[in-house]
Amino acid sequence: MMTEIKDSVVERGRDREPRAPDHVERYDAGIVESKWRACWEADGLYRVDDADPRPKWYSLTMYPYPSGTLHVGHWYAFSIPDVYARLQRMRGYNVLFPMGFDAFGLPAENAAIRHGIHPAPWTFENIPRMRDQYRQMGAMIDWSREVITCTPEYYRWNQWLFLKMLERGLAYRANGSVWWCPNDQTVLANEQVLEGNVCERCGASVSKRDLEQWYFRITDYAEELLHDTEALDWPERVKTMQRNWIGRSEGARLSFTLETGDRVEVFTTRPDTVWGATFMVLAPEHPLVERLTSEEQRAAVQAYVEQARRQTDIERMSTDATREKSGVFTGGYAINPVTEELIPVWIADYVLMGYGTGAIMAVPAHDERDFAFARAFDLPIRVVIQPEQGEPLEPGTMEQAYHGPGRLVNSGPVDGSPVPAGIPSVIDWLEKRGRGRREVNYRLRDWLISRQRYWGTPIPVIYCDACGMVPLPEEQLPVLLPLDAAFEPTGQSPLTTHEEFLRTSCPNCGGPARRETDTMDTFVDSSWYWFRYTSPDERTLPFDPATAKAWCPVDLYCGGIEHAILHLLYARFFTKVCRDLGLIDHGEPFLRLRNQGMILSEEGTKMSKSRGTQVAPDDLVSAHGADALRLHLMYLGPWDQGGPWNSRGIVGMERLIRTVFQIVVETAGNEGSDSDADAEEALRRLTHRTIERVTTDLDDFQFNTMVAALYEFTNELKRLKDGPAARTGAWREAIETLVLLMAPSTPYVAEELWERLGKPYSVHTQPWPVFDPALTQELLVELVVQVNGKVRDKLTVPAAISEERARELALASDRVQEFVNGKDPVRFIYVPGRLANIVVR
């Protein structure tokens, strides 16, 4: 049946001659869109051939979670990049534009609990519905390359990559202080904890807990991740966020000896100030706090540790001057490595275990937080940098810390050294005497991938009483997620009680063993999925290296700014790991990145299903057509900014499509019989200027102004269609160009009109129009301006100037204003490109 539809359409497109209709035909979006959707699917129009000799272009939009239905936010994120992918195809590229589903994760578990069903059927029932909605959108997706991350065919390669990273020391297990949600019974990333220690997903109060967890050693790639951002064609905002997250600092590592004999290492960017360190601060969760704490201080310290566990890192790192300083003396002391003085050791929440070493030397005279802490707890302040101008600094009268330039004082052998120029020589002095060593530190922490939940990739290791932790051999992959798990709202992963899953044998000794019950963070799924699109049926490796090298890196990646750090940083990390495994030959996943803004409700708030402000695209498509919705989303405003939804604007887009349809259908059979050279020249110039505008706006991702250019071109053609220009050879070029320019944005009506013009199927395989630079320069003419029939001025204007613009310029003329004398014109007579007559009384 599909083949019959395709053949019928193709034959009509090849053989049908354009003709003027016997009556005015009304465009029916429902019929046209259904017709061409069936044709494209039957024809495999969007199936991509790896052997195609044309240059490749890999466009990709972040894949969705299969929540069950697409909302206008999905349309905004996907239909507009679809426009650019279509443009590149028409430019002669072999374009890969795939789609899949980010199908693992906590939302499915929560939905399963809510609806009393297992996550697997809930997920797999949603996917076909969303797939149909993408087809309704008219998206240029090659569905033969679809990936679904919750299938064993996909997640076995998560496990394979994990084992390869374990072999290389890039995956490891360690104790860590982590955020724990008691409701979801899982670990949360810092970014998933909202103000007030609330779980982002379920709203439950969360707290810190020490657990043994699996990590990926992303810090091994910190320097490369930092350096390689420079060459990327990404928004500067995103690159800055990644650089700040990685947080490179140069300084020195110093060692302080505690009274207990333990040594505490401190990283500082200001080793020149160590002579001014008058106390030390440990993070409340530092492992040495318990040993160092005196019996007299133990109760106070334990209470403070519990208090700090209830705070987010963001709260603890706050620089808000009004935030009350808090801390507790441990009762213990450390030895300053350069002065050999005993200095008190405190704990305070502004020091984080996850940043640096979890300990700082406090130099209150020259660090703002240390200064405020010292003032709050009456701790000593010692000045070790004096500015070269102005009054000398005195600890008793200082109102804030000084961290400007100057010279070192009270610093023994390095007294008089310039600051900051002398810092390297201070580090040299420390290194020679074994008091410290030069070091580069990063804010970036290793990636915690353990999740105490069910709906995720099982981690492929077992625990044997005899052999300890044992990675599974590759031939035992995939470790299957049991689909018969009793999924009940106990708040605990079903894997912990699923005996058949838990009990296994050790691959080393054959003895009894138990499986790891943690699953992988779902960011693992999205850290390499674009490679799988290139060879989704590959059975021996995560992807075919030769095919991946041919298609990758991705030329254009589109998605939300909210993924600037985690997903994009993890994707870059995985790409570098895959390179080092010999699977690919490049180190960056996405050459270009473009971020879309957010579509808000009409009230300007975030759309919400529960508040009834979420907009369902299916209803809009039924009423106005998919093409109209695509145009409307483009026209809302700059794509990278988003904006409030406008329920009325889509009617204007539908009207534009109907106008284009009428112009093309009614004039498709026009003969180029008129020899009006001026009209023909003006129309041709208008056509080429429009090609230039539309092309430039598309390349700049200025979709709203691109739609404005189509609007203006259409309105001008509507004005000209009953005049001599419509009977010139330039008219046919103009209406064919209009259809081609609309093809990426409105694929359905463009295909229909291309057929009506008698052109070969398909419009989406035609070359993109190219403008002639000589024809984009506007011709200038002299416009005679009269007032009440008498010539009062002559203006040089573009030959194609509109009547509205001609009136505006004529009334703005100083010479004309003298004779209008502030009166309102009662009439404006305009002869295009020649004469403007203003009639006043």
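The values are calculated or read from the model by the stated rules, or taken from the named source; none is laboratory data. Computed from a predicted model, the values in this text were never measured in an experiment. Virtual Cβ from ideal backbone geometry, glycine too; neighbours counted across all protein chains shown. Surface areas here come from the heavy atoms of the whole protein model, side chains and all, with no ligands, DNA or RNA. Shrake-Rupley method; radii C 1.70, N 1.55, O 1.52, S 1.80 Å.
Yes or no: Pro507 part of a loop (DSSP other than H, G, I, E, B), without any contact (Cβ under 8 Å) to a residue 60 or more places away in the chain, within 27 Å of Arg173 (Cβ to Cβ) and touching an Asp or Glu at 6+ places or on another chain (Cβ under 8 Å)? Considered against the rule, which asks whether it is part of a loop (DSSP other than H, G, I, E, B), without any contact (Cβ under 8 Å) to a residue 60 or more places away in the chain, within 27 Å of Arg173 (Cβ to Cβ) and touching an Asp or Glu at 6+ places or on another chain (Cβ under 8 Å), Pro507 comes out as no.
Is it fair to say Glu236 is surrounded by fewer than 17 Cβ atoms within 10 Å (Cβ to Cβ), modelled with pLDDT of 95 or more and acidic (Asp, Glu)? Spelling it out, Glu236 is indeed surrounded by fewer than 17 Cβ atoms within 10 Å (Cβ to Cβ), modelled with pLDDT of 95 or more and acidic (Asp, Glu). Taking Val206, is it surrounded by 14 or more Cβ atoms within 10 Å (Cβ to Cβ) and either in contact with a Ser or Thr (Cβ under 7 Å, 6 or more places away or on another chain) or farther than 15 Å from Ile565 by Cβ (or both)? Yes. Taking the listed residues Thr728, Thr690, the one that is farther than 24 Å from Met90 by Cβ, open to solvent by less than 20 Å² (accessible area, probe 1.4 Å) and either of a type in the set (D, E, K, R) or in contact with a Ser or Thr (Cβ under 9 Å, 6 or more places away or on another chain) (or both) is Thr728, with no other qualifying.
Taking each residue of the stretch 408-435 that is under 20 Å from Ala365 (Cα atoms) and in a helix (DSSP H, G or I) and looking for partners that are of a type in the set (Phe, Trp, Tyr) and open to solvent by less than 80 Å² (accessible area, probe 1.4 Å) with beta-carbon atoms closer than 8 Å, six or more apart or interchain, yields Gly412/Trp275; Pro413/Trp429; Val414/Trp275; Val414/Trp429. In the stretch 747-839, counting only helices (runs of 4 or more DSSP H) that sit wholly within it, the ones holding 1 or more residues that are within 30 Å of Phe661 (Cα to Cα) and not hydroxyl-bearing (Ser, Thr, Tyr) span 747-756, 773-776, 803-812.
Could you tell me which of the residues Arg437, Arg407, Arg433 is out of contact with any strand residue (DSSP E or B) (no Cβ under 8 Å at 6 or more places or on another chain), more than 30 Å from Thr151 (Cβ to Cβ) and open to solvent by 30 Å² or more (accessible area, probe 1.4 Å)?
Going through Arg437, Arg407, Arg433 in turn, just one is out of contact with any strand residue (DSSP E or B) (no Cβ under 8 Å at 6 or more places or on another chain), more than 30 Å from Thr151 (Cβ to Cβ) and open to solvent by 30 Å² or more (accessible area, probe 1.4 Å): Arg433.
Within the span defined as the stretch 62-70, every residue fails to be outside any helix (DSSP H, G or I) and over 25 Å from Leu629 (Cα atoms). Taking first residues from the stretch 816-834 that are free of Cβ contacts under 8 Å to residues at least 40 places away in the same chain and over 19 Å from Val797 (Cβ atoms) and partners that are surrounded by 12 or more Cβ atoms within 10 Å (Cβ to Cβ) and among the basic types (Lys, Arg), the Cβ contacts under 7 Å between residues at least 6 apart in sequence or on separate chains come to Phe819/Arg792. Only one of the listed residues (Thr690, Thr667, Thr605, Thr613) is in contact with a Phe, Trp or Tyr (Cβ under 9 Å, 6 or more places away or on another chain) and more than 24 Å from Trp768 (Cβ to Cβ). That residue is Thr613. All conditions but one from (1) in contact (Cβ under 8 Å) with a residue 60 or more places away in the chain; (2) under 29 Å from Ile423 (Cα atoms); (3) of a type in the set (Ser, Thr, Tyr) apply to Ser207; the one that does not is (2).
A residue that is touching a Phe, Trp or Tyr at 6+ places or on another chain (Cβ under 9 Å) and among the acidic types (Asp, Glu) occurs somewhere in the stretch 252-259. Within the stretch 455-480, the residues that satisfy the criterion of being modelled with pLDDT of 95 or more, outside any strand (DSSP E or B), of a type outside the set (Ser, Thr, Tyr) and in contact with a helix residue (DSSP H, G or I) (Cβ under 8 Å, 6 or more places away or on another chain) are Ile459, Pro460, Leu472, Glu474, Leu477, Pro478, Val479, Leu480. Checked against (1) assigned to a loop (DSSP other than H, G, I, E, B); (2) surrounded by fewer than 17 Cβ atoms within 10 Å (Cβ to Cβ); (3) under 24 Å from the mean Cα position of the chain (by Cα); (4) not β-branched (Val, Ile, Thr), Gly587 passes all but condition (2).
Criterion applied to Glu755, Glu778, Glu782, Glu736 was being under 42 Å from the mean Cα position of the chain (by Cα) and either closer than 17 Å to Ala679 by Cβ or open to solvent by 40 Å² or more (accessible area, probe 1.4 Å) (or both), and the one residue passing it is Glu778. Could you look through the stretch 642-670, keep only residues that are modelled with pLDDT of 95 or more and more than 22 Å from Leu740 (Cβ to Cβ), and pick out the one that is most open to solvent (accessible area, probe 1.4 Å)? Ranking the qualifying residues of the stretch 642-670, first place goes to Val651. Exactly one residue out of Arg217, Arg201, Arg243 is in contact with a helix residue (DSSP H, G or I) (Cβ under 7 Å, 6 or more places away or on another chain), open to solvent by 50 Å² or more (accessible area, probe 1.4 Å) and within 30 Å of Ile427 (Cα to Cα): that is Arg243.
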